[in-house]
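Colleague: After the structure tokens below, expect a handful of questions from me.
Every read-out reported here was derived from the displayed coordinates using simple, explicitly stated rules and does not represent laboratory data. Here the structure is a predicted model, which means the values were calculated and not measured. Here the Cβ positions follow ideal geometry from the backbone for every residue, glycine too, while neighbour counts run over all protein chains shown.
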Amino acid sequence: MTSKTLGDAAKAVVRRNTEEVQGGGNFELFDELFADDFLDHTPQPGRTPDKSGARQLYKTLRSAFPDFHAEIHWQLADGDRVTTYKTYHGTHRGEFLGAAPTGRKIHFETVDVMRVRDGKIAEHWGVANLFSLMQQLGAWPQAKSAFEQGTQPQPRKEHHMTIGIIGSGAIGTALARTLARGGIEATISNSRGPDSLKQLIREFGPLIQAGTREQAARADIVFVAVNWTKLPAALDGLTDWGGRIVIDANNPIEAPLFKPVDLKGRVSSEVFADLVPGARVVKAFNHLRAEVLARDPRTDGGQRVLFYSGDDKAAKAEVAALIDRIGFLGIDLGLLAVGGKLAQFPGGPLPNQNLVKVG
């Protein structure tokens, strides 16, 4: 058997496991595809590294997510070893790692290697983005503790992060509408004070309340959506950010002249970060026009895309979970120096790109 033939046969075995066992729940086929001496080199905490442990893990996933299935992005074969990059999808209908059912749609990425010997899966190495999964379930703190201890966590009440919005212009208003539509509470503020927002608050409904800049800035996640030249005044006096997440939804340009601001070669989010010392800055929600941002992101048979970038992984994970919760498909562009430049208007290639993932 040639190396290519061996690799193709091995890929076929791995694909059947992904699609028919993991995705279809065919555990009779599981017994056929896995060698009796199967060894998992990266077992999940609390699981044995053998065939029984793999079967138990698969059944746990299908119990928690009955429609569990994978989208295979690519496979590469190196002799009898197959590397697969895929995204798992499902709906949270049963308890998972201590998180009670939420009914939420989830997705998380994995990269794994399986060694196929005599037509059976004999070994496994893998890395799964379970951090993202548990963030989507709102259960990261207890999941983290469980993984560190190698035990199953106990269910506890879900923690919802508080959200503030500084700025009630077109983007700030669109953000409030989007959050309200997603059933998420938030405090919106502007330079004129809460009384100036009464009419808007009536339109938004009970989930959005008016507050002062100081009240909005005390939230766990703070959106800032203000005309560029007004940013220093809008953020003046808000100096104690204490590691809170601040979303930069701004662009260095404004009406009516739409003349780009000279940033001296810097990315706008790097300039913005200087105005919020101590904050964990994530660039997001700036590349779509306000009227597009305010519309239902589930459109044309798919999900509207939102780009985000930042230097703090944990902060980006929180923002990614929020993006998913309000119905958008988040795409991580990397660090601020890279992703911020791609999404910056003017200058970047991504602003005003109304992209929808279909299928």
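Colleague: Using a Förster distance of 35 Å, how high is the FRET efficiency between Glu291 and Ser191, based on the Cβ-Cβ distance and rounded to 0.05?
Modeller: 0.90
Colleague: Taking the dipole about the Cα centre of the chain, with the C-beta of Lys and Arg at +1 and of Asp and Glu at -1, give me whichever of Ala170, Thr84, Phe68 is farthest to the positive side.
Modeller: Ala170
Colleague: Which length gain, in nm to one decimal place, applies between Val356 and Lys198 when the Cα-Cα distance is subtracted from 0.36 nm times their residue separation?
Modeller: On the way: separation 158, 0.36 × 158 = 56.88 nm, distance 3.41 nm.
Residue separation times 0.36 nm, minus the Cα-Cα distance, leaves 53.5 nm.
Colleague: In what sequence do Lys357, Lys259 fall when counting other Cβ within 10 Å, fewest first?
Modeller: Going from least to most buried by this count: Lys259, Lys357.
Colleague: When all alpha-carbon pairs of the stretch 163-358 are counted, what percent fall beyond 28 Å?
Modeller: 18 percent
Colleague: Moving on. What are the radius of gyration and Dmax of the stretch 3-149, computed over its Cα atoms and given in Å?
Modeller: Here Rg and the maximum Cα pair distance are 15.1, 47 Å.
Colleague: Could you give the dipole magnitude of the stretch 3-149 about its Cα centre, charging the beta-carbon of Lys and Arg +1 and that of Asp and Glu -1, in debye to the nearest 20? Don't skip to the end; give the middle numbers.
Modeller: Values: 18 positive and 20 negative charges, 79 e Å.
Computed charge dipole of the stretch 3-149: roughly 380 debye.
Colleague: In addition: Work through the residues other than Ala315 whose Cβ is under 14 Å from its Cβ and net out their charges, Lys, Arg +1 and Asp, Glu -1.
Modeller: For residues surrounding Ala315, the net value is -1.
Colleague: On to the next question. Select from Gly339, Leu288, Gly7 the residue farthest towards the positive end of the dipole of the chain; place +1 on Cβ of Lys and Arg, -1 on Cβ of Asp and Glu, and compute about the Cα centre.
Modeller: Most positive-ward Cα: Leu288.
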